[in-house]
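Remarks on the structure that follows.
The values are calculated or read from the model by the stated rules, or taken from the named source; none is laboratory data. The structure presented is a predicted model; accordingly, all values stated were derived computationally and were not measured. So basically every Cβ, Gly included, is an ideal-geometry build from the backbone, and we count neighbours across all protein chains shown. With ligands, DNA and RNA removed, areas are computed over all heavy atoms of the protein, side chains included. Shrake-Rupley method; radii C 1.70, N 1.55, O 1.52, S 1.80 Å.
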Amino acid sequence: MNIPSNLKYTKDHEWVLIDGDIATIGITDFAQKELGDIVYVEVETLDQTLDKDEVFGTVEAVKTVSDLFLPLSGEIIEFNNGLDSNPEEVNADPYGKGWMIKLKIANFSQTDELLSSESYRQLIGA
């Protein structure tokens, strides 16, 4: 199970890479394995400001559709357009080419609530 130590995680199986006031967000290796083959990623919240834990999109796999929850409050400033034509990148490279959105962080204190790689590993029993 790939759980990079330089990232932060949520209980909803999303990862967060913080660079200044920008957070790049995707789903974890664990989540993509649980979902199976991903066929579509939809984010209709581009350029919107949302609160932590609001739904920012959905990911559709062969057998299920799952909501994507925002790990931090802020404005969604970018969507990975490569996922429109290649949603399978989420399965192949969840921490690289499979990233989903970039967010301008509104409340830095919320980053303290994110899980470390070790805490996330314990959460999933890895």
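Within the range 62-78, residues that are open to solvent by 10 Å² or more (accessible area, probe 1.4 Å) sit with their Cβ atoms under 6 Å from residues that are hydroxyl-bearing (Ser, Thr, Tyr), at 6+ positions apart or across chains, in these pairs: Val65/Thr58; Asp67/Thr58; Glu75/Thr49. In the set (1) on the phi > 0 side of the Ramachandran plot; (2) without any contact (Cβ under 8 Å) to a residue 24 or more places away in the chain; (3) not polar (S, T, N, Q), Glu54 fails one condition alone, (1).
Filtering the range 95-106 for residues that are under 18 Å from Leu17 (Cβ atoms), open to solvent by 40 Å² or more (accessible area, probe 1.4 Å) and over 15 Å from the mean Cα position of the chain (by Cα) leaves a non-empty set. In the range 57-116, of all residues being part of a strand (DSSP E or B) and of a type in the set (Asp, Glu), the one that is farthest from Leu7 (Cα to Cα) corresponds to Glu60. Checking the stated criteria, Lys52 turns out to be at pLDDT 95 or above, part of a loop (DSSP other than H, G, I, E, B) and open to solvent by 30 Å² or more (accessible area, probe 1.4 Å). Among the residues of the range 34-48, are any touching a Gly at 6+ places or on another chain (Cβ under 6 Å) and assigned to a helix (DSSP H, G or I)? Scanning the range 34-48, I find no residue that is touching a Gly at 6+ places or on another chain (Cβ under 6 Å) and assigned to a helix (DSSP H, G or I), so the answer is no. Restricting attention to the range 4-49, the residues being open to solvent by less than 70 Å² (accessible area, probe 1.4 Å) and within 13 Å of the chain's Cα centre (by Cα) number 22.
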